[in-house]
Amino acid sequence: MKILQLHSDYMEYEPIKREAPNAEPIEKKLYRIEDVVVLLTSVEKGDDTSVAYAAIDEAAKFMKNLKANRVLLYPYAHLSSDLAKPADALDVMKEMEVHSKEIGLETYRAPFGWNKKFSIAVKGHPLAEQSRTITKEGKPQKVETIIEKRPVSNSGKSLEEMKSVMFRQAKLDSEVLPPNDHRIIGQQMDLYSFHDAAPGMPFYHNNGMIVINELLKYWKDLHKKAGYKEAKTPVMLNKQLWEISGHWDKYRENMYFTKIDDDDFAVKPMNCPGGILIFKSKSYSYRDLPFRMYELGVVHRHELSGVLSGLFRVRYFTQDDAHIFMREDQIKEEIIGVIKLISEFYQTFGFDYKMELSTRPEKSIGTDEQWKAAEEGLKGALDFLGLNYKINPGDGAFYGPKIDFHIKDAMGRTWQCGTIQLDMTMPEKFDLNYMGSDAQPHRVVMIHRTLMGSIERFLGILVEHFSGKFPAWLAPVQATVIPISDKNNEYALKIGKILENSGLRIEVDTATNTLDYKIREAQMRKVPYMLVVGQKEEQADTLAVRKRDGKVEYGVKTEEFINQIEEKIKSKLIN
């Protein structure tokens, strides 16, 4: 049995079409269940009652850690290529339902045998998503390979809010995927590709690296101005460190492992333990804080192949992490600085966003005084800036309260990318101190913070947000020079060299194609400017500047065009 466990704010599903001969009757057209652990379940050949019971017992352990009691059993055939017969699968699902109720869980089961549309909002904490294989021995295993043979019936439906999970057909089929899907646009613009040799691991082409490098150059500039120091930590760290951090016990199912000189190592699923070691490498006084450190850290997390989806759901990605180590009295000031940084970054891309403050959960670590100071610091920063925000009582992490940022893209979809999390666990586990003015050691307060969350996912969001029509500063090719005929090639090459020497990313299309064909090609690749030159332009030493919207300005001097585009690049205008 293959299972994907998702701790979700809600799941909404709608039976659309009978698929199996033993499809169950439905009671209503649309179902919605809130604050629920969803078990996407593929029943396989040979699964029986013992497997059903073991699956529920394993899920119950998962739910106990989350303080969750509501579960939805959801038939989901796409996780396996070795499915049980429909009648056998339904029997196993019913056994799971019976046992779930017996052990006291509030249990729901989606109707069996239907193609269903659904949307799901998965919570943002590290334990929200867990993959499991349940065998007849009742032992959960990490799933190494799942071959998806069948198309996903609900492909193309955007899954909104917080952490979106998208189940879409992996094949790039324009008849299935919407035309602005980032996988289709990625092919058109030659940005990236996906290969069976490394499932869930994107391959970036030169054009894609140009976009990423420009994005990160801006990201780094913002951080340098805000007083952050750059760091880089190893991609593998030994078992002892992950045991101290707690990941070895609580996150092992989602990690990759290896051995070096007979010692156990883990490929890092997150960057914070490495950043902590950098902080611990020297002593700090109260005058040295805050210490702000950022890292573009490559991390790996095991994901079921059935849920991999372009750049939105991957197995390796780059986190734009930052960690701030500070005194307790610096919380409010540092949070204000981070909020301003995140706000400036999002506004550059034209994103609207909302903020949510999540407070102390029922089960937490730390003293009442620590939590009071932490929550007042976050709330005080939001109030000081006069910002609107929603409070989620009891929804903070067990180690500290947090602020989540939900951005809205051009299609109205909501994505949870940025987050600010106060942490009182790691400083205790790793004994992080500074020397106070009283010459005594004091515990530091730690902030975990991201703007993009995952560079891969944020790039996918940007591609669809702009439909590939990046602003000039991000565009892989900023202008294409198009000669009307072969007679104008020499002039076109001359213009191209002048623009290139000014620092612009330029192509000159001297191929023996028609003018209309060359313009269509440039439009397909979303080039911001097409500079058409013919006999008239050559004689006047000018350009005909054609924009992506089809508007053309004639008689533009080369220097004038350079000044215009450089101003747009400098100001990062999105139009």
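Numerical summary
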quantity: Given (1) more than 18 Å from E428 (Cα to Cα); (2) outside the structural domain of F458 (by TED's automatic domain parsing); (3) more than 22 Å from the chain's Cα centre (by Cα); (4) hydroxyl-bearing (S, T, Y), index of the condition S245 fails; calculated: (1)
quantity: Selection status of A226, surrounded by 15 or more Cβ atoms within 10 Å (Cβ to Cβ), of a type in the set (A, V, I, L, M) and without any contact (Cβ under 8 Å) to a residue 40 or more places away in the chain; calculated: no
quantity: Answer from L289, L304, L311 - the residue that is of a type outside the set (S, T, Y) and at pLDDT 95 or above; calculated: L289
quantity: Residue tally, condition part of a loop (DSSP other than H, G, I, E, B) and either in contact with a helix residue (DSSP H, G or I) (Cβ under 8 Å, 6 or more places away or on another chain) or at positive phi (or both), over region 103-119; calculated: 5
quantity: Unmet criterion (only one of (1) in contact (Cβ under 8 Å) with a residue 60 or more places away in the chain; (2) in a helix (DSSP H, G or I)) for V36; calculated: (2)
quantity: In region 431-444, residue farthest from F398 (Cα to Cα) [restricted to those that are among the hydrophobic types (A, V, I, L, M, F, W, C) and in contact with a Pro (Cβ under 8 Å, 6 or more places away or on another chain)]; calculated: M435
quantity: Spans of strands (runs of 3 or more DSSP E) in region 411-518 with at least 2 residues farther than 30 Å from K557 by Cα and free of Cβ contacts under 8 Å to residues at least 24 places away in the same chain; calculated: 441-443
quantity: Top-ranked residue in region 477-512 [being in contact with a Lys or Arg (Cβ under 8 Å, 6 or more places away or on another chain) and farther than 14 Å from I565 by Cβ; ranked as surrounded by the fewest Cβ atoms within 10 Å (Cβ to Cβ)]; calculated: A511
quantity: Qualifying residue in region 42-57 (condition: buried (at least 20 other Cβ atoms within 10 Å of the Cβ) and among the acidic types (D, E)); calculated: yes
quantity: Residue within region 407-420 that is at pLDDT 95 or above and of a type in the set (G, A, S) present; calculated: no
quantity: Enumeration of residues in region 84-103 that are at pLDDT below 90, of a type in the set (A, V, I, L, M) and surrounded by 15 or more Cβ atoms within 10 Å (Cβ to Cβ); calculated: A84
quantity: From L6, L79, residue being at pLDDT below 85 and buried (at least 21 other Cβ atoms within 10 Å of the Cβ); calculated: L79
quantity: Single residue of region 534-545 satisfying the filter (surrounded by fewer than 23 Cβ atoms within 10 Å (Cβ to Cβ) and assigned to a strand (DSSP E or B)) that is nearest to the chain's Cα centre (by Cα); calculated: V545
quantity: Single unsatisfied condition, L515 versus (1) surrounded by fewer than 16 Cβ atoms within 10 Å (Cβ to Cβ); (2) at pLDDT 95 or above; calculated: (2)
quantity: Filter pass, E144 being modelled with pLDDT under 80 and within 23 Å of D48 (Cα to Cα); calculated: yes
quantity: Test set (1) within 20 Å of H7 (Cβ to Cβ); (2) without any contact (Cβ under 8 Å) to a residue 12 or more places away in the chain - D383 fails condition number; calculated: (1)
quantity: Enumerated strands (runs of 3 or more DSSP E) restricted to region 266-364, each holding at least 1 residues that are within 30 Å of K239 (Cβ to Cβ) and more than 17 Å from the chain's Cα centre (by Cα); calculated: 291-300, 316-326
quantity: Filtered residue count, region 375-399, keeping only those that are surrounded by fewer than 19 Cβ atoms within 10 Å (Cβ to Cβ) and not aromatic (F, W, Y); calculated: 13
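The values are calculated or read from the model by the stated rules, or taken from the named source; none is laboratory data. None of these values were measured; they are calculated from a predicted model. Methodologically, a virtual Cβ is constructed for each residue, glycine included, from the backbone with ideal geometry; neighbour enumeration extends over all protein chains shown.
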